[in-house]
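Working notes, structure below.
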Amino acid sequence: MFSRIVATGSSVPELEVGNDELAGLVDTSDEWIVTRTGMSRRHIATTDTTSSLAAAAARKALDAAGLSADDIDLIMVATVTPDNFTPTVSCQVQAALGNTAATCLDLWAGCSGFVYSLRVADSMIRAGGVHRALIIGAETLSRVVDWTDRNTCVLFGDGAGAVVLEASDEPGVLACVTRSDGSRGNVLRIPGLANSNPWAIKAASDADAIAPPPSVISMDGQEVFRFAVGAIQWSLEESARIAGIDISSIYRIIPHQANNRIIDAVASRMGIERDVFYTNLQRFGNTSAASIPLALDELNRAESIPVGAYLALVGFGGGLTWGGSVIRWAQTA
Ligand code: COA
């Protein structure tokens, strides 16, 4: 028993914000952002939420597969920006789709959330407990960006991408690898809720220790950059090794869309043609857990990926977390 991707979908908010508009908020310029990141614009939510984007991407994937909501028995959403702590985004998606058959599960693994979710769903399908899964990466990072911090606010965007993964006799997902290093968690943080428990406040020797931390992204950009290059290389090498294929036979690599320079560095270090890496960060920025399925859907709709072609998906991000997958492309609807 294997799992394979049979359809993709995506959704982004209507509003596009260009670099020049950000230069009106912080001390930056189009030239700096393009040169240092490759990004020109990103979609920003105004009325959309993480769950509305996730549900819209899921509907498109279901439509592409010619399936109805109740054909799905697992809904997984990878996100670091859920609408609520409960209900989960996956439960909200279930309600929006009118599905009654699925187990719903959110997964937090930073920008690696989609590849982590693919690994979990693939394992559940191969174990026989699930027949067909919707795996969605969805974010509204605009809610947790510090819009006064030029080091971070130029990097992120909002959106969602989804795939339908189903049980198959033919090999589809050939390998999934994941790693984590919690000791380096402070390199990229979005703090949780402030503690308003009166006993904790009383017990705190230093009032500042429980002062509400601003729930915004903070990051050591250069440290993340260094980590990312090694993480992508390991994920590619390890997933190709387990899949039993040579990296040179991969048709397209879809990396997490964080920075063109990270991808350039990996390509040159590993001797891989730059064109093998698919990027759309120019138009979407870094959409965290949404970035890989968003790019996969765009690629799938833009060109016909040959059936049987090998694709590699590679993620890295907060936690620290990283991982990848090699898949053999199936006929998509
Ligand atoms: N506009 C103009 N100047 C900016 C700026 C901006 N938006 N952001 C930072 N700068 C300035 C810095 O303040 C610094 O100025 P200084 O030299 O006077 O101190 C200068 O540009 C260089 O900063 P530096 O951090 O060295 O730039 P960089 O080349 O490393 O690029 C990142 C910064 C964030 C683009 C890059 O490190 C990066 O992409 N890292 C990975 C981030 C990432 O992928 N995060 C998500 C992971 S899931």
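The values are calculated or read from the model by the stated rules, or taken from the named source; none is laboratory data. The structure presented is a predicted model; accordingly, all values stated were derived computationally and were not measured. Note that each Cβ is placed from the backbone with ideal geometry, even for glycine, and that neighbours are counted across all protein chains shown. Ligands, DNA and RNA are stripped out before the accessible areas are found, and what is left, the full protein with its side chains, is counted by its heavy atoms. Shrake-Rupley method; radii C 1.70, N 1.55, O 1.52, S 1.80 Å.
Structure above, values below:
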| read-out | value |
| --- | --- |
| Net dipole in debye of the chain [+1 Lys, Arg Cβ; -1 Asp, Glu Cβ; about Cα centre; nearest 20] | 540 |
| Long-range tail of P(r) for the chain (Cα pairs > 26 Å, %) | 45 |
| Sites T100 and D63 - FRET efficiency at Förster radius 30 Å, r taken between beta-carbons, to 0.05 | 0.95 |
| Inter-label distance, nm, simple model (7 Å from Cα along the C-beta direction), R189/L299 | 3.5 |
| Difference of contour (0.36 nm per residue) and Cα-Cα distance, E237 to R179 | 19.6 nm |
| Extended-chain gain in nm, criterion 0.36 nm per residue less alpha-carbon gap, V307 and T47 | 89.8 nm |
| Estimated distance in nm for a label pair at D246 and D146, the labels positioned 7 Å out from Cα along Cα-to-Cβ | 4.8 |
| Approximate spin-label separation D220-D169, in nm, with each point projected 7 Å along Cα-to-Cβ | 5.3 |
| Largest to smallest principal axis extent of the C-alpha atoms in the stretch 195-333, angstrom | 63, 35, 30 |
| Relative contact order (percent, whole number), the chain, Cα cutoff 8 Å, 6+ residue spacing | 27 |
| From phi via Karplus (6.51, -1.76, 1.60), per-residue ³J(HN,Hα) for the stretch 120-132 in Hz, x at Gly/Pro | 5, 5, 4, 5, 5, 5, 5, 6, x, x, 10, 9, 9 |
| Overall dimensions of the stretch 2-171 as given by Cα atoms, namely Rg and Dmax in Å | 17.3, 55 |
| Average accessible area per residue (Å²) across the chain - probe 1.4 Å, nucleic acids and ligands excluded | 42 |
| Rounded, prolate or oblate (a/c below 1.5 giving rounded, otherwise prolate when a/b exceeds b/c) for the stretch 108-157 by Cα gyration tensor | prolate |
| Label-zone membership for the stretch 34-70, site T86, 7 angstrom Cα→C-beta point, backbone N under 20 Å | 51 |
| Helix-derived mean residue ellipticity, 222 nm - over the chain, DSSP H n ≥ 4, -39500 (n - 2.57), to 500 | -10000 deg cm²/dmol |
